[in-house]
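For reference, the structure discussed in these notes is given below.
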Amino acid sequence: MSPLTQVQPLSGPGKIGILTSGGDAPGMNAALRSATKVALSRGHRVYGIRHGFKGLLDGELVEMDHGDVDDIVRQGGTVLGSARELRFKEPAGKELAQERLMEFGLDGVVVIGGDGSLTGARELAKLDTARGERLRVVGIPASIDNDVGCTSLAIGVDTAVNTIVSAVDRISDTARAHDRTFIVEVMGRDCGYLAMVGAIASAADAVLYRESGRSHDEMLVHLEETVRQAYRPGGRRSRAKRMVLIIKAEGVTLPAERIKAHLDATLRTEIPTLETRVTVLGHLVRGGAPSAMDRLMAARLAHIAVRALEAGRTNLMTGWRASEGGEETMDRDVSLFDLDTVLRETAELRAATSETAQRRVAMLQAVESIFAL
Ligand code: F6P
């Protein structure tokens, strides 16, 4: 056990702050509910910190009771509110945070969020409590992008994939009715995970994701071939599926409208009936009631986060089904990882150099050629 992650256990009732930060994700409320209820049931006082790190600096803390979280499990977004706060990155912001910790007497903080939030959590773990102990800080991964290291899934991913699949299913109805080609762009920042798994689950014909390493020109040639394949005798268009579905990850900087213009221009003579349309799903993918999977995962990650704080653990994140290199907990699907490792793996995941990123690409490449058949 690294000494950096072990400080004094809570010897009696403590004060635990909880914040949600960065892009909201369905299931954040389920995590908040679970963390609050677990902490209250173990005799602690719980403070909801509104608007993430911004609220911590501005002193927006509200004491929470069971009634505040009883019915939030089914709500998307975050009832605490979220923000992307830049002040906390500066020394003055950290000093202000330290003052707030003294003022409110927090013994520990649970940080629910993605990359930026966990980076903030690591900074928070360097601060002290009013009792002169190091602050206990445990993060919980929540981001629809699935770009957090040391966890096979982050809270919100499962709901986002379900939302993408149901949106593409709807688009497929109108695409089929008009024999059209659709380019559907999905969120995910630099990470192609949502596009990759969304494409498989919605039976798309092609997927564009940054991690493939294809140049924009190569992507365009790949799409031309996909559409040609669909129109050749015996191809998609002469069978039941009279449409072409292309999923594009947000991280691919080639604009969807440019892809449409390119396909229209290049294939017009060859395929006079070709009609392409573009739909950018955008923030629609981030909203909605969390799936059962997200609720359950959130509850279990939050349970372990609070138990870890109580045991005097800090500078850690709870990870889902990713025990490699992690510390086992009483929940066999949840492990603890130190935030330095988490943030290093997150950076590698976003740069597509991590083993996880490479495995995702290899998995997709192994099946991609079947997509357009
Ligand atoms: O990180 C979650 C995410 O939804 C990304 O997929 C997207 O790139 C970004 O946040 C959008 O951020 P904002 O809501 O600030 O526009």
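The values are calculated or read from the model by the stated rules, or taken from the named source; none is laboratory data. Note that this is a predicted model, so its numbers are computed, not measured. Methodologically, a virtual Cβ is constructed for each residue, glycine included, from the backbone with ideal geometry; neighbour enumeration extends over all protein chains shown. Note: accessible area is taken over every heavy atom of the protein model, side chains too, but ligands, DNA and RNA are not part of it. Shrake-Rupley method; radii C 1.70, N 1.55, O 1.52, S 1.80 Å.
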Q: Work out how far the C-alpha atoms of segment 159-287 reach from end to end along every principal axis, then list the three figures in whole Å, largest first.
A: 38, 30, 20
Q. For residue 224 and residue 133, what does the FRET efficiency come to when R0 = 41 Å and r is the distance between their Cβ atoms, rounded to the nearest 0.05?
A. 0.05
Q | Projected label distance in nm at residue 359 and residue 79, using a 7 Å step from Cα toward the beta-carbon | A | 3.6
Q) How many Lys pairs in the chain lie less than 16 angstrom apart by Cα atoms, where the lysines are 8 or more positions apart or on different chains? A) 6
Q) Cα axis of helix 216-231 to longest principal axis of the chain: angle in degrees, 0 to 90, nearest 10? A) 50
Q. Cα centroid distance between segment 304-348 and segment 173-201, in Å?
A. 33
Q. Counting other Cβ atoms within 10 Å, which trypsin sites (Lys or Arg not before Pro) in segment 206-303 have at most 13 and lie in a DSSP loop?
A. 239, 268
Q) Which net charge results when you count Lys and Arg as +1 and Asp and Glu as -1 among the other residues whose beta-carbon is under 14 Å from that of residue 9? A) +3
Q. When DSSP beta bridges are limited to those with both residues in the chain, what percentage is antiparallel, rounded to the nearest 5?
A. 30
Q: Assuming R0 = 45 Å, can you tell me the calculated FRET efficiency for the pair residue 214 and residue 65, based on Cβ-Cβ distance, to the nearest 0.05?
A: 0.30
Q) Can you give the helix-only mean residue ellipticity at 222 nm for the chain, where every DSSP H stretch with n ≥ 4 adds -39500 (n - 2.57) and the sum goes over all residues, rounded to the nearest 500 deg cm²/dmol? A) -13000 deg cm²/dmol
Q. Which percent of the accessible heavy-atom area of segment 159-287 goes to carbon and sulfur, probe 1.4 angstrom?
A. 52
Q.
Based only on Cα atoms, what mean projected area does the convex hull of segment 227-302 have, in nm²?
A. 7.9
Q: Only Lys, Arg, Asp and Glu count, each charged at its Cβ (+1, +1, -1, -1), so figure out the dipole size of the chain about its Cα centre, rounded to 20 debye.
A: 760
Q: Give me the angle, in degrees from 0 to 90, between the Cα long axis of helix 115-124 and the longest principal axis of the Cα atoms of the chain, rounded to the nearest 10.
A: 10
Q: Take the alpha-carbon centre of segment 213-267, take the same for segment 129-153, and report the distance between them in whole Å.
A: 40
Q | segment 290-337: GluC sites (Glu not before Pro) falling in loop per DSSP and having at most 12 other Cβ within 10 Å | A | 324
Q: Give me the angle, in degrees from 0 to 90, between the Cα long axis of helix 157-177 and the longest principal axis of the Cα atoms of the chain, rounded to the nearest 10.
A: 20
Q | Surrounding net charge for residue 67, when Lys and Arg each add one and Asp and Glu each subtract one, Cβ distance under 14 Å | A | -3
Q) Rg (Å, one decimal) plus Dmax (Å, integer) for the alpha carbons of the chain? A) 22.8, 77
Q: Compute from the Cα atoms of segment 21-170 the Rg and the Dmax, the latter being the longest Cα-Cα distance, and quote both in angstrom.
A: 15.7, 57
Q.
Given a Förster distance of 45 Å, report the FRET efficiency between residue 331 and residue 269 from their Cβ-Cβ distance, rounded to the nearest 0.05.
A. 0.15
Q | Accessible area in square angstrom per residue, the chain, 1.4 angstrom probe | A | 41
